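Read through the structure below, which is laid out as structure tokens, and then see the notes.
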Amino acid sequence: MKIALFATCVNDTLHPGTAQAVVTVLERLGHHVVFPEAQTCCGQLHLNTGYPEEALPLVRSFTETFEDHDAVVAPSGSCAAMVRDWHGKLAARQGDHRLAERAHALTPRVHELSELLVDVLGVTDVGAVFPHRVTYHPTCHGLRVLKLGDKPLQLLRAVKEIDLVDLPDATECCGFGGTFALKNADVSAAMCADKTAAVKQTRAEVLCAVDNSCLTHIGGTLSRQRSGVRVMHLAEILASGA
């Protein structure tokens, strides 16, 4: 299958290795990955901060860039959720009904990585080997908007030599929430403290998630606590060891 990669802003700026890991996994499975260079941002930050008019050109750009592709993969639950849940509605609310139609036609073909692997490609074992103790944090957009369920866990359980342990109170938010962490810093820090305490209970070497934004937030706290726990995106674990 020919699959278009939507790297996302956070990954492109701070975690380029995640996008590279997606390519490694999909090419290992025999698929052809393309990177449309016209891609920019999904508009999530603009919409969440109260600027829907400013988000609309990004909806148009995303649609124009990806609408000719049969499948689009985004290594970010929050960005995939923005595209799927908001692009069509946002265009309609801003009065651009033709764009809304095009966005609604595209969004079923946009997938978060674990969705693409499990639901579309029918794969759980991607040939990864990762001999480390790992715990998994289900991020809010993946859990509550995309409803990923245990798809990421299915993929992790199939990784050879992994020691996968449950995270206490796993469904609790980490406190990031984009600009929430800036506007409500004290609350955000308290929520992250609860999350890192749960992570440390597991004695995991690695905390895994499908959103690098949340991992950056949690990882920063773990680092300041000198916990010794590192954070890794699901794609990076799945790309390991082959």
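The values are calculated or read from the model by the stated rules, or taken from the named source; none is laboratory data. Worth saying up front: this structure is predicted, and the values here are computed from it rather than measured. Counting neighbours? That spans all protein chains shown, and the Cβs are built from the backbone with ideal geometry, glycine included. The accessibility values were calculated without ligands, DNA or RNA, using every heavy atom of the protein model including side chains. Shrake-Rupley method; radii C 1.70, N 1.55, O 1.52, S 1.80 Å.
Scanning region 3-22 for residues that are within 16 Å of E115 (Cα to Cα) and open to solvent by 40 Å² or more (accessible area, probe 1.4 Å) yields a count of 0. Within region 218-235, residues that are among the charged types (D, E, K, R) have Cβ atoms under 8 Å from residues that are open to solvent by less than 20 Å² (accessible area, probe 1.4 Å) in these pairs: R230/V206; R230/L207; R230/G219; R230/L222, counting only partners at least 6 apart in sequence or on another chain.
Scanning region 31-57 for residues that are open to solvent by less than 30 Å² (accessible area, probe 1.4 Å) and among the small types (G, A, S), which turns out farthest from the chain's Cα centre (by Cα)? Looking at the filtered set, the residue picked out is A55. When D166 is tested against (1) at pLDDT 95 or above; (2) within 23 Å of F6 (Cα to Cα); (3) open to solvent by 60 Å² or more (accessible area, probe 1.4 Å), exactly one condition is not met: (2). When G149, G95, G177 are checked against the criterion of being farther than 28 Å from G50 by Cβ, in a loop (DSSP other than H, G, I, E, B) and not hydroxyl-bearing (S, T, Y), a single residue qualifies: G149. Among the residues of region 171-181, at least one is open to solvent by 60 Å² or more (accessible area, probe 1.4 Å) and closer than 15 Å to A209 by Cα. K160 meets each of the listed conditions (1) buried (at least 18 other Cβ atoms within 10 Å of the Cβ); (2) within 23 Å of G241 (Cα to Cα) apart from (1). Within this structure, G77 passes the test of being touching a Ser or Thr at 6+ places or on another chain (Cβ under 6 Å) and either on the phi < 0 side of the Ramachandran plot or of a type in the set (A, V, I, L, M) (or both).
Here V73 clears all of (1) touching a residue at least 40 places away in the same chain (Cβ under 8 Å); (2) part of a helix (DSSP H, G or I); (3) β-branched (V, I, T) except the condition numbered (2). Which residue, of R157, R144, is touching a strand residue (DSSP E or B) at 6+ places or on another chain (Cβ under 7 Å) and charged (D, E, K, R)? Checking each option against the conditions leaves just R157. If the condition is being open to solvent by 10 Å² or more (accessible area, probe 1.4 Å) and either over 24 Å from M1 (Cβ atoms) or β-branched (V, I, T) (or both), then region 86-116 contributes W86, K89, A92, R93, Q94, G95, D96, H97, R98, E101, T107.
Pairing residues of region 57-70 that are closer than 14 Å to W86 by Cα with residues that are open to solvent by 40 Å² or more (accessible area, probe 1.4 Å), at Cβ distances under 7 Å and at least 6 apart in sequence or on separate chains, gives L58/T40; L58/H46; T63/R102.
Under 16 Å from the mean Cα position of the chain (by Cα) and either more than 26 Å from K200 (Cβ to Cβ) or without any contact (Cβ under 8 Å) to a residue 60 or more places away in the chain (or both), is that true of R144? Yes.
The residues in region 200-216 that are buried (at least 23 other Cβ atoms within 10 Å of the Cβ) and closer than 16 Å to S188 by Cβ can be counted, and the count is 4. Entry remark, region 217-242: residues being open to solvent by less than 40 Å² (accessible area, probe 1.4 Å) and either in a helix (DSSP H, G or I) or β-branched (V, I, T) (or both) number 11 in total.
Whether any residue in region 119-131 is in contact with a His (Cβ under 7 Å, 6 or more places away or on another chain), within 26 Å of L5 (Cα to Cα) and open to solvent by 10 Å² or more (accessible area, probe 1.4 Å) is what I want to check. Yes, region 119-131 contains at least one residue that is in contact with a His (Cβ under 7 Å, 6 or more places away or on another chain), within 26 Å of L5 (Cα to Cα) and open to solvent by 10 Å² or more (accessible area, probe 1.4 Å). In the set (1) part of a helix (DSSP H, G or I); (2) open to solvent by 20 Å² or more (accessible area, probe 1.4 Å); (3) within 30 Å of D119 (Cα to Cα); (4) among the aliphatic types (A, V, I, L, M), M191 fails one condition alone, (3).
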